[in-house]
Amino acid sequence: MSTHPLLFEIDVGLNARRFDPADAPLLQAFLEANPEYFERIGGAPPKPDEAATELAERPPAELSWREHFNIGLWREAPDTAPALIGIAIVDSDLVIEGCWHVALFIIATALHGQGIAPRCYRALEQWAAAQGARWIRLGVVLGNARAEAFWRQLGFVELRRREGVPANDRLNTVRVLLKPLREPDVAPYLALVARDRPE
């Protein structure tokens, strides 16, 4: 909300602000109103404590990282209350310096097809790059066609696939994707990060 620290501006009237744990009820309401992501990857709507879980979750203990960002994407206007239109969860310097990982990126379903999602992502990418990001990394579930096409259009390429990743009662195959921000291709990243090399 407007009282939360501004991280970056997305567009006129669209801002990214940092969430804190007290925002869990607000985020929970957003996730329940926009359950498609959870239904596609896990076959079920968000759990009653989904927001609290997402806000508390951090990268696995075996992976190093520098800073964790729970980001609310807001539509703000002078005469109306701020409206939450999306969320992004991001970790900086995951495994190596300069690799920023997008753990979650959801835009309200009603706004799909309006160009808002790519604008929000590009603003996030520019902000990360200004903070030292050299690569943006993320995972997308194989078969989530809309998400796969979205990230491909934004310039991400597949590094490898991880099989047997649990989501509720499902085991998914996750495509690990990367977008270089300063290098012409993914080779410099793969030279540094063995765990993401194709098997």
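The C-alpha atoms of the chain define a longest principal axis, and helix 24-33 lies at about 80 degrees to it. For the options V174, V186, V12, a Gaussian network treatment of the chain with springs between C-alpha atoms closer than 10 Å singles out V12 as fluctuating the most.
Would you mind getting the accessible area per residue of the chain, heavy atoms of the protein chains only, 1.4 Å probe, in Å²?
Values: 9990 Å² over 199 residues.
Spelled out: the 1.4 Å probe surface of the chain, per residue, equals 50 Å².
Quick check on the range 91-199: take the gyration tensor over C-alpha atoms, sort the square-rooted eigenvalues as a ≥ b ≥ c, and tell me if it's rounded (a/c under 1.5), prolate or oblate. It is oblate, given that a/c is not under 1.5 and a/b is not larger than b/c. Residues whose amide H comes within less than 5 Å of that of V186, counting only those at least five positions distant or on another chain, are absent (H built at 1.01 Å from N in the peptide plane). Counting only heavy atoms of the protein chains and using a 1.4 Å probe, R161 has close to 100 Å² of accessible surface.
Ignoring ligands, DNA and RNA, what percent of the 1.4 Å accessible area of the chain is carbon and sulfur? Mind showing how you got there, number by number?
Values: 5180 of 9990 Å².
C and S fraction of accessible area: 52 percent.
Does the range 1-47 come out rounded, prolate or oblate, given a ≥ b ≥ c as the square roots of the eigenvalues of its C-alpha gyration tensor, rounded meaning a/c under 1.5 and, failing that, prolate meaning a/b above b/c? Since a/c reaches 1.5 and a/b is larger than b/c, the shape of the range 1-47 is classed as prolate.
Just to be sure I understand: if I project the alpha-carbon convex hull of the range 128-175 onto a plane and average over all orientations, what area do I get in nm²?
Details: hull surface 16.7 nm².
Averaging across all directions leaves 4.2 nm² for the Cα convex hull.
Averaging 1/r across all pairs of distinct Cα atoms in the range 1-156 and inverting the result yields a Kirkwood radius of 16.1 Å.
Rounded to the nearest 10 degrees, the angle from helix 116-130 to the longest Cα principal axis of the chain is 60 degrees.
Rank E183, E57, E158 by accessible area, highest first, at a 1.4 Å probe radius? All intermediate terms of the calculation are to be shown ahead of the outcome.
Details: E183 35, E57 100, E158 70 Å².
Output order, biggest surface exposure first: E57, E158, E183.
The 1.4 Å probe gives accessible areas that order H112, H68, largest first, as H112, H68. Between the range 1-56 and the range 130-199, what is the C-alpha centre distance in whole Å? Centre-to-centre (Cα) distance: 22 Å. Its convex hull of Cα atoms gives the range 64-146 a direction-averaged projected area, equal to a quarter of the hull surface, of 6.6 nm². Classify the range 1-85 as rounded, prolate or oblate, taking a ≥ b ≥ c as the square roots of the eigenvalues of its Cα gyration tensor: rounded when a/c is under 1.5, otherwise prolate if a/b is larger than b/c and oblate if not. Taking the square roots of the gyration eigenvalues as a ≥ b ≥ c, the range 1-85 is oblate.
Taking the range 1-72, which trypsin sites (Lys or Arg not before Pro) meet the DSSP loop condition and have no more than 13 other C-beta atoms within 10 Å?
R66
The values are calculated or read from the model by the stated rules, or taken from the named source; none is laboratory data. Since we're looking at a predicted model, the values are computed, not measured. Ideal geometry is used to build each Cβ from the backbone, glycine not excepted, and the neighbour counts take in all protein chains shown. In case anyone asks, the SASA skips ligands and DNA or RNA and just uses the protein heavy atoms, side chains included. Shrake-Rupley method; radii C 1.70, N 1.55, O 1.52, S 1.80 Å.
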